[in-house]
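The values are calculated or read from the model by the stated rules, or taken from the named source; none is laboratory data. Quick caveat, the model's predicted, so the values are computed rather than measured. Glycine gets a Cβ as well: all are built from the backbone with ideal geometry, and neighbour counts include every protein chain shown.
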Amino acid sequence: MASAPIVPAPPMSVLPLRIEALAKRFGELTAVDGVSLELRSGECLGLLGPNGAGKSTLIRTIVGRAIADSGKVLVFGAPADSTGARIALGWVPQDLALYPRLTCRENLEAFGQCHGLRRAALTTAVAWCLEWAGLADRAEDTVASFSGGMKRRLNMAAGLIHRPKVILMDEPTVGVDPQSRNRIFEMIEKLRDQGISMIYTTHYMEEAERLCDRIAIIDHGRIIALGTKDELVRNAFASRSEVIARFGNPDERVLAWVRERGGLFDDGTARFTIEHAAEIAGLLDAAAKAGHELVDVSLRKPNLESVFLHWTGRELRD
């Protein structure tokens, strides 16, 4: 069989990935609603949103697994369905895509061959994947014997065996234990150190904060905020602080009172933003006069969770 085609390296001035007004509908449901994004060279761009926000559909549309209804995707300036774009683009799906009866090495060889790798190039790629994923000592074991975390790491390696320059990772830590999650973080940080450009989807705040240079918050198929963590906080809250108040009687009366005072309410907890700490006394006094029992009040600087709640009106949940 013919070896993989040789594609010239793209100019460094061209963005690794540009998405322009991308839309995908399923009947009456608009899963991706006119999304435009730019991925910079060497950047890890986080796509943060709850389950059902449109993250996976957006990723699948970028890689061509779902056909866009409108919009454009360019990889180093080339259409996403071109040969050069396919070689430059790597995808790690949320669902495991492995052969359980094959060994770890055999899985990597199979995926490498699908990408056109042969002979020495395939051997080198498999060796790199085994080392990067920390699976060299389990190379000859069948995947069926692997733990969930090991399968996740192999799934990542299989998607990247052709050493793409642009990587789309769709919630790679779903269903793994904390130790495995940290191991995956280390793998991703190694890719960042090599200057790989990535989009990383997640619904975990701590992942976005640790791994991502910029964060795009997505909800109902739309990008509703974009920037670094500090930019997102500054744009949403300026210099204001956040008051977190928990009520002992979180009924409809409390909900109405919180909303009247410009706060957000979720699961018994209210959030208000204030300019000066002295404003807390006014909140406490107003709550007491309204007959609402406050069991805990705290003041803090807004964080990424605060930003998400500010823009969506609801907490980020699994």
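The table below lists the values:
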{"quantity": "Matching residues in region 98-123 - criterion: being under 18 Å from M150 (Cβ atoms) and exposed (fewer than 14 other Cβ atoms within 10 Å of the Cβ)", "calculated": "P100, R101"}
{"quantity": "Hits in region 165-179 - residues which are within 15 Å of W132 (Cβ to Cβ) and in contact with a Lys or Arg (Cβ under 9 Å, 6 or more places away or on another chain)", "calculated": "P172"}
{"quantity": "Selection count, region 262-302, where residues are more than 26 Å from E231 (Cα to Cα) and basic (K, R)", "calculated": "1"}
{"quantity": "Residue under evaluation A110, criteria (1) touching a residue at least 40 places away in the same chain (Cβ under 8 Å); (2) closer than 25 Å to I196 by Cβ, criterion not met", "calculated": "(1)"}
{"quantity": "Filter pass, L96 being in the same structural domain as V32 (by TED's automatic domain parsing), without any contact (Cβ under 8 Å) to a residue 24 or more places away in the chain and of a type outside the set (K, R)", "calculated": "no"}
{"quantity": "Some residue of region 276-286 being over 30 Å from G221 (Cα atoms), touching a residue at least 12 places away in the same chain (Cβ under 8 Å) and touching a helix residue (DSSP H, G or I) at 6+ places or on another chain (Cβ under 9 Å)", "calculated": "yes"}
{"quantity": "Residue among V243, V307, V233, V258 that is touching a helix residue (DSSP H, G or I) at 6+ places or on another chain (Cβ under 7 Å), over 30 Å from A23 (Cα atoms) and β-branched (V, I, T)", "calculated": "V243"}
{"quantity": "Failed item in (1) farther than 30 Å from G175 by Cβ; (2) at pLDDT 90 or above; (3) not basic (K, R), with L211 passing the rest", "calculated": "(1)"}
{"quantity": "Test result for A127, farther than 25 Å from E207 by Cβ, in the same structural domain as L74 (by TED's automatic domain parsing) and not in a loop (DSSP other than H, G, I, E, B)", "calculated": "yes"}
{"quantity": "Residue under evaluation G262, criteria (1) surrounded by fewer than 17 Cβ atoms within 10 Å (Cβ to Cβ); (2) in contact with an Asp or Glu (Cβ under 9 Å, 6 or more places away or on another chain); (3) closer than 15 Å to G313 by Cα; (4) not β-branched (V, I, T), criterion not met", "calculated": "(2)"}
{"quantity": "Entirely in region 1-120, the helices (runs of 4 or more DSSP H) that have 2 or more residues that are more than 25 Å from E209 (Cβ to Cβ) and at pLDDT below 95", "calculated": "83-88"}
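Matching residues to (1) in contact with a strand residue (DSSP E or B) (Cβ under 9 Å, 6 or more places away or on another chain); (2) outside any loop (DSSP other than H, G, I, E, B):
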{"site": "L232", "(1), (2)": "yes, yes"}
{"site": "A236", "(1), (2)": "yes, yes"}
{"site": "N249", "(1), (2)": "no, no"}
{"site": "R253", "(1), (2)": "no, yes"}
{"site": "R259", "(1), (2)": "yes, yes"}
{"site": "H292", "(1), (2)": "yes, no"}
{"site": "D296", "(1), (2)": "yes, yes"}
{"site": "L309", "(1), (2)": "yes, yes"}
